Structure formats: structure tokens, C-alpha cells
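A short write-up of the structure that comes next.
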Amino acid sequence: MNYPSQVKLVDVGPRDGLQNEKEPVPAAVKIELVHRLQDAGLREIEVTSFVSPKWVPQMADNAEVMAGIRRQPGVRYSVLTPNMKGLEAAIPCRPDEIVVFAAASEAFSQRNINCSIAESIERFAPVVEAARANGIYVRGALSVAVGCPYQGKVSAEEVERVARLMKGIGVQHLGVADTIGVGTPRVVRRAMEAALKHYELQDVSGHFHDTYGQALVNTMACLEMGIWQYDSSVAGLGGCPYAKGATGNVATEDVVYMLHGMEIDTGIDLDKLIDAGKYISDFLGRKPNSRAATALLNQRAA
Ligand code: HMG
Ligand code: MG
């Protein structure tokens, strides 16, 4: 197998993870988490989202969090922006990258961003144009690429269609997301192949929630395709408020453990990453949702 020799992981814990917590997490804790992630070697961190605070109150402190981060050279800080209002609020916070997020199913698009897929593309077009004019890189997330909590199965044709629309408005990178973690390797590969009809290999990433315990094996299936960029979430934090029952993203610790075992470089210090996961898990009053972190923490305690 021709696996990539290096993998880039984007930790989405501060955003995807903490957007889903019932109890408020103070901005200072979010900032400290970002600091610990960058100290562990993460080179891209999805920090927050500029969405409606009525929809996702957990991210209402977006500007405060962005302002509090001690920026480290070589680290990219990304934020979600669903519309012009979000982009206008984000620009003064100097993100390196913004994320517009569409869905492969109409039902999820309506529930998550309150508009149809076609309307979302219309809404994103000026956001993409303005971001790029400001020198900000534009990533797209394509939700429910293999399964939707409202529609059920999602076909590769549906993924291909929205990938084409995203490409058409100038979205530079496409993250293929299994929002509810139902995917298995063959369907995930088919979704990736659909995205690869419109995006180059270096412009595609995987974003796998681990609800059914399939995220690592799906990552492996994509590594075999040469895909070398993945979102993951420290301590397995995460979920989407509009995808009830879906659990967190695959734990960054688990992905790093697997990749290092395969002699694939990530630039991440697993010990420091585990400390970052323990920090936020202690704050939330639970154990990290990562098998590798649990095993290594038990080993440390012994
Ligand atoms: P809407 O209600 O249709 O928007 O929401 P609107 O334009 O009609 O505006 C309504 C109100 O919201 C107005 O305020 C606006 O000013 C305000 P009012 O006049 O009533 O006081 N508003 C905003 N405020 C702050 N920031 C903004 C903003 N936009 C409007 N950007 C909207 C449409 C998209 C805003 C809403 O549906 C929304 O915020 N949705 C966010 C959903 C979300 O954050 N979901 C989770 C992230 S996506 C995810 O987790 C999936 C991912 O991880 C990949 C995967 O796993 O699939 C990325
Ligand atoms: Mg997600």
C-alpha cells in the first residue's frame, strides 16, 4: 500500500467539540485548549464559529476566543462562517481560513442552516469571494456525505453534485463529513471518489464522527486512497446540535496513535496531546473519549 508519509490533522475540538456541550465553557478554557493543542504540535485548529448565537449559544464568545489566542507562527486558525454576517464578524479576528458548510441532503441543509442547498450556495458565493479577496483561504465542509439523520442514506451522486457546486463558487478545499458517523469503508470511499471528481487529492479531507466506531477504519480506507488530511477532535469531543445522537469526531489521540504506529508523520507529540485532552475532559468532568488516551493514561498511573 502506498500510504502518505505525512498526514495533516486539523483539530476541530474547540469548535465541533465545544459547540455541543450543554454546560457553558468559559472563553478562557477554550483559549487554554487551543494553546495546549498548538503546544502539542497541531498545525491547524478550528477555533470557533461565527454563527447565530440563537442557534448555537456555545459559540457566542467567538471574537473573545479569537482575540485571546497567543498565535504561534506556522499554526493556522480556522473558523466557520455560514453567511456574510458571519464573515464580516470574523474578518477583524484575522482567521487564516474560513469554512462554509453545506449539506449533501436537503433535509440537513434546512435543519442546520435554515435554507435549501441551492440557497446555501447562493449565500456562500459572496462569502467565498470576499474571503479570498481578503487573502483568507476557503475550506468547505460537506455534511451528511454518507448518511443523514433525516433522509437516511445519501448517494455518491448527491455528494458529487454539491462538490461541483462548491467548486463552482471558488471553495478551495472540500472536507467530506460523516456527520453522524454511520459510514463504513466502501461508502466512505465512494463519497470521497465523488468529491475527487471536482477536487484534487491535496484539496480533500475527511471529517469522521465516530458514533458507530467506524471513524478509524474509514480513515484507513481514505489513507489507502492517498488522502492525507483529516479533521479530528481532541478527547473525541464533538457532535452537531442539529444531528441528535451523533457523537464526537474521531479522537485526535486515536488517529495519532494509529498513524505513528504506521510510521506516518503528524508532527504531533502524543503525550502532550493526551495532556490537552485530559485538560478539557477534566474541565467537563469526564474521561477523554479516546481509547489510546485511556490506555496511555492508565499506563502513566501504573
Ligand atoms: P436564519 O435564522 O435563517 O438567519 O439562520 P437570518 O439571516 O434570517 O437571521 C436571523 C437572525 O440571526 C438575525 O438576528 C441575524 O442578525 C442573526 P435578529 O435580527 O433576529 O436579532 N444572524 C447571525 N448572528 C450572528 N452571526 C451570524 C448570523 N447570521 C444571522 N453569522 C444561520 C441562518 C445560518 C445564521 C443559522 O441557521 C445558524 O447560525 N446555523 C448554524 C448552525 C451551526 O452552527 N451548526 C453547527 C456547525 S456545522 C457542523 O457541525 C457540521 C460540521 O462539523 C461537518 C459535519 O460534521 O457535518 C462542519
Ligand atoms: Mg462535525
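The values are calculated or read from the model by the stated rules, or taken from the named source; none is laboratory data. Since this is a predicted model, take the numbers as computed values, not measurements. Neighbour counts are summed over all protein chains in view; Cβ atoms, including those assigned to glycine, are modelled from backbone coordinates with ideal geometry. Note: areas computed on protein heavy atoms with side chains; ligands, DNA, RNA excluded. Shrake-Rupley method; radii C 1.70, N 1.55, O 1.52, S 1.80 Å.
Key figures
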| item | result |
| --- | --- |
| Only one of 211, 252, 219 that is within 12 Å of ligand 1 (Cβ to nearest atom) and at negative phi | 211 |
| Every residue from region 173-193 that is open to solvent by less than 50 Å² (accessible area, probe 1.4 Å), among the β-branched types (Val, Ile, Thr) and more than 11 Å from ligand 1 (Cβ to nearest atom) | 188 |
| Selection within region 229-269 - among the hydrophobic types (A, V, I, L, M, F, W, C) and surrounded by fewer than 20 Cβ atoms within 10 Å (Cβ to Cβ) | 258, 262, 264 |
| Residue satisfying condition, being touching a strand residue (DSSP E or B) at 6+ places or on another chain (Cβ under 7 Å), open to solvent by 50 Å² or more (accessible area, probe 1.4 Å) and either more than 16 Å from ligand 2 (Cβ to nearest atom) or over 29 Å from residue 266 (Cα atoms) (or both), within set 150, 137 | 137 |
| Identity of the residue in region 20-38, out of contact with any strand residue (DSSP E or B) (no Cβ under 6 Å at 6 or more places or on another chain), free of Cβ contacts under 8 Å to residues at least 60 places away in the same chain and of a type in the set (A, V, I, L, M), that ends up surrounded by the fewest Cβ atoms within 10 Å (Cβ to Cβ) | 28 |
| Total residues in region 194-228, condition surrounded by 21 or more Cβ atoms within 10 Å (Cβ to Cβ), of a type in the set (Asp, Glu) and part of a helix (DSSP H, G or I) | 0 |
| Considering residues of region 145-178 that are farther than 30 Å from residue 133 by Cα and of a type in the set (Val, Ile, Thr) only, the residue nearest to the chain's Cα centre (by Cα) | 146 |
| Verdict on residue 129 being under 24 Å from residue 44 (Cα atoms), touching a residue at least 40 places away in the same chain (Cβ under 8 Å) and surrounded by fewer than 16 Cβ atoms within 10 Å (Cβ to Cβ) | yes |
| First in region 239-260 and within 13 Å of residue 220 (Cα to Cα), second anywhere and open to solvent by 30 Å² or more (accessible area, probe 1.4 Å) and within 15 Å of ligand 1 (Cβ to nearest atom), Cβ under 6 Å, 6 or more apart | 250/210 |
